[in-house]
1. Report the longest stretch of the chain that contains none of the chymotrypsin sites (Phe, Trp or Tyr not before Pro) sitting in a DSSP loop with at most 16 other Cβ atoms within 10 Å.
2. I want the local charge near Ile311. Using Cβ-Cβ distances under 14 Å, sum +1 for each Lys or Arg and -1 for each Asp or Glu among the other residues.
3. Compute the projected area of the convex hull of the Cα atoms of the stretch 1-72, averaged over all viewing directions, and report it in nm² to one decimal place.
4. Can you run phi through the Karplus equation (6.51, -1.76, 1.60; θ = phi - 60°) for the stretch 381-398 and list ³J(HN,Hα) in whole Hz, with x for Gly and Pro?
5. If Rh is defined by the Kirkwood formula over all Cα pairs and Rg also comes from Cα, what ratio Rg/Rh do you get for the chain?
6. Out of Ser215, Val195, Leu226, whose Cα points farthest toward the positive end of the dipole of the stretch 182-234 (charges: +1 Lys, Arg; -1 Asp, Glu; placed on Cβ)?
7. What is the sum of charges around Gly277, taking Lys and Arg as +1, Asp and Glu as -1, for the other residues whose C-beta is under 9 Å from the C-beta of Gly277?
8. Decide, for the stretch 377-419, between rounded, prolate and oblate: order the square roots of the alpha carbon gyration tensor eigenvalues as a ≥ b ≥ c, take rounded if a/c falls under 1.5, and otherwise choose prolate if a/b is larger than b/c, else oblate.
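The values are calculated or read from the model by the stated rules, or taken from the named source; none is laboratory data. Only a predicted model underlies this, so the values are computations on that prediction, with no experimental measurement involved. All Cβ positions, even for glycine, are placed from backbone atoms using ideal geometry, and neighbour counts span all protein chains on display. Remember, those area values only see protein heavy atoms, side chains included, never the ligands or the DNA or RNA. Shrake-Rupley method; radii C 1.70, N 1.55, O 1.52, S 1.80 Å.
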Amino acid sequence: MNAPIRKLVIVGGGTAGWMSAALLKRVLGDRLDIELVESREIGTVGVGEATIPPIQHVNNVLGLDEAEFLRETKSTIKLAIRFENWRAQGEQYYHTFGAPGRVQAFCPFHHFWVRARMSGHATSLWDHDLNYLCAVGDKFAKLQVNDPVWELQYAYHFDASLYGQYLRRYCEKLGVTRTEGLVEHVDVDPENGHVTTLHLKDGKQVAGEFFVDCSGGRGLLIQKTLNTGYEDWSHWLPCDRAMAVPSERFERTLLFTRSIAHSAGWQWRIPLQHRNGNGLVYSSSHYSDDEAADILLNNLESKPIGEPKIIPFRTGRATRQWNRNVVAVGLSSGFLEPLESTSIYLIQSAAVRLIHLFPHAGVTDELIAEYNRQSQTEYEQIRDFIIMHYWLNDRGDSRFWQDCAAMDVPDRLHRKTELFGANGTLVHDDLDIFLDSSWLQVMLGQGIVPRDYHPLADRLSDAELLDKLEKTRLTKQQPLEKMPGHDEFLRMYCGTG
Ligand SMILES: Cc1cc2nc3c(=O)[nH]c(=O)nc-3n(C[C@H](O)[C@H](O)[C@H](O)COP(=O)(O)OP(=O)(O)OC[C@H]3O[C@@H](n4cnc5c(N)ncnc54)[C@H](O)[C@@H]3O)c2cc1C
């Protein structure tokens with residue numbers, strides 16, 4: 001159907017609804033009237049507090065003042081995730097947003113490191129990563145240097161409900177209309193199957209030409225109305241439930257998310273300015289909810305605030321994230337568990353993709369196909385990265401971990417780990433949000449050490465090689481001395497912390 005689109009309706013006022021509304025209105029401006037419908041009766045999922053660095057693009061495009069953003073959303077800085085007990089109990093490693101060393105004349109730094117390691121000069125690769133050094137040393141500053149050696153990549157931990165409210169105020173100022181009400185019934189054009197009108201419980205009707213389904217896991221438009229279908233990935237990602245509870249804040253605010261593996265799942269700890277976010281992601285065929293509650297509550301570092309909330313989920317994705325005149329964004333589009341904090345990024349990426357491919361002149365099959373191709377690739381790449389954490393384990397202490405280690409993984413993941421294991425080769429795939437440095441850290445952390453390195457690393461003599469590694473390590477440490485601690489930074493920068 002080819003009719004120009006002027007009126008866009010968003011169903012849902014969680015992070016997906018408000019972030020989509022903010023980006024679409026800010027970028028497409030007066031070309032679109034945007035109305036967002038949300039229901040207090042249903043509420044939002046209330047979790048989703050750890051992000052990855054691309055969130056800064058959102059803030060920049062929206063023109064947000066960072067200090068105000070940190071204050072309003074009680075944010076803290078995130079430099080990394082610390083994975084504890086994942087490969088083996090008692091072990092830990094960091095997946096930082098930084099990169100150890102840098103490429104020199106086509107040779108990535110880690111090949112030099114592998115060569116040194118093979119000749120018995122083993123230091124930790126992470127000692128060459130500024131993000132890691134700051135994360136463990138509790139140091140943070142916005143470095144104003146142009147040298148990439150001292151680049152510090154960061155994201156935020158924030159309070160999900162404060163973030164939603166903050167974006168709502170922003171959107172309303174831009175002219176997004178908000179309608180409170182529960183959608184009870186949806187009209188579909190019998191000729192082309194397009195959604196036309198939402199009927200609310202109080203009798204109101206909301207009509208539109210294009211719809212963004214941000215209704216959360218229920219997928220009100222994409223599934224309940226259009227019956228799009230869902231691709232289930234639970235055979236690769238066995239957890240299907242989460243239990244979340246906030247707790248009182250710690251003395252010192254960590255610069256990283258903690259991800260702690262248990263015998264059939266894992267626990268997150270997210271430090272905020274005023275409290276901590278905690279949750280257990282688990283497999284319901286291995287833990288009952290009572291067992292999960294015991295594990296979660298017995299592993300908190302501070303007093304819980306309120307009762308734990310159970311959130312069931314099904315890992316996978318809508319088979320078409322754009323169907324007819326509906327694009328699903330957020331939990332309605334699919335769900336990959338929060339292990340690498342990618343869901344909010346997927347909202348951002350979906351909204352940006354929709355901006356690029358927006359059907360101003362009307363919906364076409366070509367636009368739909370391109371949108372769906374990109375979303376599918378992106379989802380599958382993140383899926384593979386997350387599967388890797390489960391698959392490459394050497395725990396063996398429970399049936400859960402044994403089954404994960406024995407599973408058949410997607411071919412792409414197989415190929416990437418084989419290449420890396422052989423001689424440290426890393427290949428970046430188009431649309432993969434995870435850069436080589438991420439694959440490198442998690443593959444090493446989960447126990448793959450390359451058996452060889454690229455011959456380019458042989459062009460240095462032994463002495464030059466060791467000198468290079470030592471110089472990189474020392475250079476990375478230089479800025480630390482003058483940097484404040486995390487809490488001090490927050491106090492100085494935005495008057496909180
Ligand atoms: C356990 C867990 C932990 C997570 N942790 C992270 C993390 O650390 N980092 C990260 O990036 N992501 C995380 N996520 C994902 C993140 O929480 C979501 O991507 C994000 O909150 C977006 O949710 P949403 O807006 O799609 O859905 P919701 O928050 O569920 O919002 C749905 C909205 O739709 C409205 N609605 C639904 N039905 C109707 C109706 N019939 N009529 C009117 N309105 C309706 C509701 O009122 C609500 O406003 C996590 C998810 C889970 C489950």
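1. Numbers: sites that count: Phe106, Phe250.
Longest stretch, sites excluded: 251-497.
2. With Lys, Arg at +1 and Asp, Glu at -1, the neighbours total -1.
3. Numbers: hull surface 26.8 nm².
Averaging across all directions leaves 6.7 nm² for the Cα convex hull.
4. These are the phi-based 3J(HN,Hα) values: 5, 5, 3, 4, 5, 6, 4, 3, 4, 7, 5, 7, 10, 10, 6, x, 8, 8 Hz.
5. Values: Rg = 23.4 Å, Rh = 23.9 Å.
A ratio of 0.98.
6. Ser215
7. Around Gly277, the surrounding residues sum to 0.
8. Numbers: a/c = 2.67, a/b = 1.87, b/c = 1.43.
Prolate is the answer for the stretch 377-419, as a/c is 1.5 or above and a/b outweighs b/c.
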